[in-house]
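Here's the structure we're looking at; comments come further down.
The values are calculated or read from the model by the stated rules, or taken from the named source; none is laboratory data. Computed from a predicted structure; not experimentally measured. Note that each Cβ is placed from the backbone with ideal geometry, even for glycine, and that neighbours are counted across all protein chains shown.
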Amino acid sequence: MTDIAALQSDILAQISAAADEAALEAARVGTLGKKGSVSALLATMGKLTPEERKTQGPLFNGLRDTVTEAIAARKSQLGDAELDARLAGETLDVTLPARSENSGTIHPISQVLDEVVAIFAELGFGVAEGPDVEFDDYNFTKLNIPPDHPARQMQDTFYVAPQADGSSHVLRTHTSPVQVRTMLNTKPPIRIISPGRTYRVDSDATHSPMFHQVEALVVDKGIHLGHLKWTVEQFCKAFFEIDQIELRARPSFFPFTEPSLEWDMRCDRSVPGKITFGTGNDWLELGGSGMVHRKVLENCGIDAGQYSGFAFGFGLDRMAMLKYGMPDIRSFFESDLRWLKHYGFQPLDIPTLDGGLSR
Amino acid sequence: MKFTLSWLKEHLDTEASAAEIGDRLTSIGLEVESITDPGAGLKDFIVGEVITAEKHPNADKLRLCTVSDGKDTLQIVCGAPNARAGIKVVLARPGTVIPATGDALKIGKIRDVESRGMMCSARELLLGEDHNGIIELKANAKPGATVVSALVEAGLLSSDPLFDVSITPNRGDAASVFGIARDLAASGLGKLKTEKVQPVAGKFPSPKTITLDFTPENKDACPIFAGRLIRGVKNGPAPQWVQDRLKSVGMKSISALVDATNLIAQDRGRPLHVFDADKLSGNLHARMAQDHEQVLALDEKTYVLDSETIVIADDSFARGIAGIMGGMDTGSFEDTKNVFLESAWFDPARIARAGRKQAIISDARYRFERGVDPQFVLPGLELCTQLILEWCGGEASDVVIAGALPPPHKPIAFDPALVESFGGIQVPRDEIKRILEALGFVVDSNWLVVPPSWRHDVDGPADLVEEVVRIYGLTDVPSVPLARGNAVAAPVLSKSQRRTRAARRGLAARGFNECVTFSFIARDQAKLFGGGDDARQLSNPIASDLDALRPSILPSLLAAAARNAARGFANLQLFEIGAAFESGMPEAQKTVAAAIRTGHAERHWQKGGEGAELFAVKADLLAALEAITGAPMSAPITQGAPAWYHPGRSGTIAMGPKVIAQFGELHPKVLATFDLKVPAAGFEIFLDAIPDAKSKGKAKPLFAPSPFQAIERDFAFVVDAKLAAGEIVKAVKQADRALIDTVSVFDVYEGKGVPDGKKSVAVAVRIQPKDATLTETEIEALAQKIVAGAVKLGATLRS
């Protein structure tokens, strides 16, 4: 008995003293190996009497199991220590910079357009597009702006040089020619918005020779001024994402609408460089609108006796400037990286009505 | 259009305040740009009374005053020589903002004596140039009262608010104080004062006659021309009230004769012209100018006219550009004794055209091109005659008239129900009628409506609805929801719009910053990108370097990159989605998504990394295409792209004849033109050229992964150095399209161990059995086939 106990304590001491895998292996061979001490003890089992075997057998097997476990435990201990030592050597300075990745941005014009599209899609408006270079006929004549109409002076037009076939065209001064194209090609009911680049010979602090418009057009039976008012109000409320918005419609004049009205929004500009909407004594111009002129409907092949419609147009750049507090339209087109990053939007911030148009 | 409240009240009997009138004007379509209240900035100033004025103990030229503000007495140091006891002054107390400086007044110490206010000069209040002393108000001014009325009393301030109203081009009739009063009266804000103009009886027949010398096709250029001679006038300054009135709206007073016409133009919207009759040779004629005929106009410039311009001529020469500007040689001046007064009606379109062509901006043109009231040709003439006789003396001849008034406007059959069905508002029939009549329309019992002679913008029922709604009140139109088509709104974007959006968000997600740049660029730059031809030039560019429609977006982005690089930001990823132009025809434009990378690899402690090089933008391009189409790009990539790319480091992706995209490093010569000193690479995706994927319904194909182990085999081929790796990949794939899943090039080597002019290309082939695990023999057979395919390209298996 004492022999086995002494042997076991000897072996366990040897195992725990093993400093590395090799020493542990030596200890294993010296005990559980073919010629090991534990194996030798187990070999004597055959020579024992049945009675002796009953008492000694469990002791022998117990010794073998204890040693086996001890070796496995020590092996795992040694492995952990070795891994710890290796990992310690692999330490990196986490304050070093990772490779930088540029943060991409969406231009405010694009973002605001997506916002506008989201709102109008909800109201059942499609998105119509047309070319930047337009027929004089579509940009002016079909819209009831004859060549000598004083309204042509309201819009200083860029002209493109004469073409090979002798024709000459304009850079569209508004996106209304897209309405013309839509009416020429579609039977009512029509509900579209037409966003896009527009051009006028104008450049100063508040004007850029290129800017963006979005126009809306509805043509259907029984459309009246009340529908126009409702649509503009709903749109503005949704777009500016503020509850206390106050709009004012005032009569105006455009050759392509009759009646014509312009829209202003109540604001406070008493603090220099800051605009607050919904309060104050100032009015900010949003854009023009009106019932589509009978002549325009007729010019576009729509029976004005049967159908009526309304249209309105706002400046996209202007909407972006107002909503997001950008002071200068010219900087929209300068591509200054600092501006793009400052005013740009994150790629995955896609405006939706369920999630909100903006953060 | 400017007028003062008192001027308006000449025509409108009203008790309304300036603010009420302003709001009403805007609400009926006469948009108020501003109302200037002359006393607005002086509300905080009060009347003070100087109680004592002694010499300042420490200064000879200063006075130490005590001033009463009605309640308390303030100690004020003042340098004005007229500061003396007993006078009433304009007193500013601490905190009051002084208009001349814009600063609030503070309690100060002047030569050790505290001063608790200021007595103001005219200049300090911006009421004049006088700074020699402080303002002395009338003795009856009440200390403590606000100073505005006392200043008006003293004749230093006008009490008259000034309105500036912007007139839309259709409302020529509102370019007159009377016209504005008429609109306000119709809206219920007062009563219009109408007084018939009494004709002046002629004392003698006019020695000058008028003829209309037009060919039949130009007959409508000037249907009526009236005039009369007034002899023995004495020109000089107009009466003071006239000068003041003109000045109050920013017009210059010139002489009694000219002021008379200007006053009537502003007041009644009727332009007139006064000739010096002694300088006219013979009689007057209205006619079309001859081509190249010249006129020296009142602005002392000589205008060369053409046959589309109407002129007023005498027997010898054209003496004025009709409806736009009179002539210098026959104008009225100080010594003018006999005048011929002209009142006519000209065709608005011709005036607009001529005015635009000659680039003359004048009050006459402004009114004539918007259309003046033909019925007022004669009353205007009479009114002006009265003023001239009154101010300058003399006697008037009979009136001579050539032509006749144009016929009245055609009646419009109006259904008053349209006000509700089209205007969206219920207005009682009586009120509709009242509004139209107040505006001068004649309404008969059958709702046949004749527009007044001064309105040229009303020719249909919708115009009448507008008149009623704007006067009745647009704010009262109730908002009515549009009918909702679908309970859940249906998607609205077209495929190409969704593609554009995917390209935009996809590129931004890869780290590109979106730009929006002008569609026009410099012609020289356009030429580098296949454009710059005559057909893509603008006839009237805003600047000489923005004169060409861009053939590509890349030059816009390169210019942006150069500007940013100049500011110290050279490592850039920029993109834009927009139009590039193939000619100057409508629809000859394509939607392009273009992007560039510029600069060198980032300086990083781990070394390595990529700069603006070919394979960086190739990866960007393929990612963008995948975002756009929703699937990896399978179209072949071929070597080479247009001339603005590096000839050896650029490629093209095409589907059949349609080029979908081109990419590569940009040509160094191009970069030099943009003064870009760092490398740049980029790509252009032609969004319209990408074919629509065939719609296979919404369900995706069934997921059916192979249960069998895939195996990978590597092959290294020695091939001609010029052979494209893509060819090898293609050949390898063709060995068995069903079994071979992917083929990827993982090594390219030239140098030691490989013969000159050759390269080694190593590919990893992933084989994916579908029906059963492949046997060694089958694998060997496939390998043989792969090698055989490569050998056809001249490859040998590298041992």
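Summary table below
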| read-out | value |
| --- | --- |
| Total residues in segment B:597-616, condition facing chain A (nearest Cβ under 9 Å) and surrounded by 14 or more Cβ atoms within 10 Å (Cβ to Cβ) | 1 |
| Residue list for segment B:387-446, filter: touching a Gly at 6+ places or on another chain (Cβ under 9 Å) and polar (S, T, N, Q) | B:SER397, B:SER421 |
| Count - residues of segment A:267-298 that are within 19 Å of B:LEU25 (Cβ to Cβ) and either among the acidic types (Asp, Glu) or surrounded by 15 or more Cβ atoms within 10 Å (Cβ to Cβ) (or both) | 5 |
| Residue ID - nearest to the chain's Cα centre (by Cα), chosen from residues in segment B:243-258 that are in contact (Cβ under 8 Å) with a residue 40 or more places away in the chain and within 19 Å of B:GLN386 (Cα to Cα) | B:ARG245 |
| Strands (runs of 3 or more DSSP E) wholly inside segment B:697-799 that include at least 3 residues being in contact (Cβ under 8 Å) with a residue 40 or more places away in the chain | B:711-720, B:758-767 |
| Scope segment B:537-553; condition more than 7 Å from chain A (Cβ to nearest Cβ) and either charged (D, E, K, R) or touching a residue at least 40 places away in the same chain (Cβ under 8 Å) (or both); matching residues | B:ASP545, B:ASP547, B:ARG550, B:SER552, B:ILE553 |
| Test: B:ASP459 is in a loop (DSSP other than H, G, I, E, B) and of a type in the set (D, E, K, R) | yes |
| Selection count where residues are crowded, with 21+ Cβ neighbours inside 10 Å, part of a loop (DSSP other than H, G, I, E, B) and over 14 Å from the mean Cα position of the chain (by Cα), scope segment A:329-346 | 1 |
| Residues being in a helix (DSSP H, G or I) and polar (S, T, N, Q) - total across segment B:266-283 | 1 |
| The listed residue being closer than 27 Å to A:LYS323 by Cα and at pLDDT 95 or above, out of A:SER289, A:SER308 | A:SER289 |
| Flag if A:ARG359 is over 28 Å from A:PHE254 (Cβ atoms), away from chain B (no Cβ under 14 Å) and surrounded by fewer than 21 Cβ atoms within 10 Å (Cβ to Cβ) | yes |
| A:GLU115 being acidic (Asp, Glu) and under 30 Å from B:ALA490 (Cα atoms) | yes |
| Residues that are facing chain A (nearest Cβ under 7 Å) and without any contact (Cβ under 8 Å) to a residue 40 or more places away in the chain, drawn from segment B:513-533 | B:PHE518 |
| Members of segment B:53-64 found to be in contact (Cβ under 8 Å) with a residue 12 or more places away in the chain and either among the basic types (Lys, Arg) or within 21 Å of B:ASN140 (Cβ to Cβ) (or both), listed by number | B:ALA53, B:LYS61, B:ARG63 |
| Hits in segment B:524-563 (condition: touching a Pro at 6+ places or on another chain (Cβ under 9 Å), buried (at least 20 other Cβ atoms within 10 Å of the Cβ) and not polar (S, T, N, Q)) | B:ALA526, B:LEU528, B:PHE529, B:GLY531, B:GLY532, B:ARG536, B:ILE542, B:ASP547, B:ALA548 |
| Qualifying residues in segment B:490-504 (those that are within 8 Å of chain A (Cβ to nearest Cβ) and either part of a helix (DSSP H, G or I) or in contact (Cβ under 8 Å) with a residue 60 or more places away in the chain (or both)) - the one nearest to A:VAL160 (Cα to Cα) | B:GLN497 |
| Failed criterion for A:HIS227 (all others in (1) more than 8 Å from chain B (Cβ to nearest Cβ); (2) modelled with pLDDT of 95 or more hold) | (1) |
| Pick from segment A:252-266, criterion among the hydrophobic types (A, V, I, L, M, F, W, C) and surrounded by 20 or more Cβ atoms within 10 Å (Cβ to Cβ), ranking: nearest to A:ARG318 (Cα to Cα) | A:TRP263 |
| Scope segment B:536-559; condition modelled with pLDDT under 95 and small (Gly, Ala, Ser); matching residues | B:SER539, B:ALA543, B:SER544 |
| Matching residues, segment B:494-511, being touching a strand residue (DSSP E or B) at 6+ places or on another chain (Cβ under 9 Å) and modelled with pLDDT under 90 | B:SER494, B:SER496 |
| Where B:ALA483 falls short, out of the listed (1) within 11 Å of chain A (Cβ to nearest Cβ); (2) touching a helix residue (DSSP H, G or I) at 6+ places or on another chain (Cβ under 6 Å); (3) farther than 17 Å from B:ILE28 by Cα | (2) |
| Filter result for the condition that a residue is buried (at least 17 other Cβ atoms within 10 Å of the Cβ), under 30 Å from B:ILE35 (Cβ atoms) and touching a His at 6+ places or on another chain (Cβ under 8 Å), over B:ALA181, B:ALA238, B:ALA185 | B:ALA181 |
| Residue ID - farthest from the other protein chains (Cβ to nearest Cβ), chosen from residues in segment B:462-480 that are part of a loop (DSSP other than H, G, I, E, B), in contact (Cβ under 8 Å) with a residue 12 or more places away in the chain and surrounded by 13 or more Cβ atoms within 10 Å (Cβ to Cβ) | B:GLY473 |
| Residue match in segment B:620-637 (condition: assigned to a strand (DSSP E or B) and either in contact with an Asp or Glu (Cβ under 9 Å, 6 or more places away or on another chain) or surrounded by fewer than 20 Cβ atoms within 10 Å (Cβ to Cβ) (or both)) | yes |
| Members of segment B:581-596 that are outside any strand (DSSP E or B) and more than 8 Å from chain A (Cβ to nearest Cβ) | B:GLU582 |
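Let's see how each residue does on (1) within 7 Å of another protein chain (Cβ to nearest Cβ); (2) over 17 Å from B:PHE683 (Cα atoms); (3) in contact (Cβ under 8 Å) with a residue 12 or more places away in the chain:
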residue: B:GLY506; (1), (2), (3): no, no, yes
residue: B:GLY511; (1), (2), (3): yes, no, yes
residue: B:ALA535; (1), (2), (3): yes, yes, yes
residue: B:PRO555; (1), (2), (3): no, no, yes
residue: B:ALA579; (1), (2), (3): yes, no, yes
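Conditions (1) in contact with a strand residue (DSSP E or B) (Cβ under 6 Å, 6 or more places away or on another chain); (2) at pLDDT below 90, marked per residue:
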residue	(1), (2)
B:PRO169	no, yes
B:VAL177	yes, no
B:SER187	no, no
B:PHE204	no, no
B:PRO216	no, no
B:ALA221	yes, no
B:GLY236	no, no
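Yes or no, residue by residue, for (1) surrounded by fewer than 18 Cβ atoms within 10 Å (Cβ to Cβ); (2) over 18 Å from B:THR638 (Cα atoms):
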position	(1), (2)
B:ALA710	yes, yes
B:ASP714	yes, yes
B:VAL719	no, yes
B:LYS722	yes, no
B:GLN734	yes, yes
B:GLY751	yes, yes
B:VAL763	no, yes
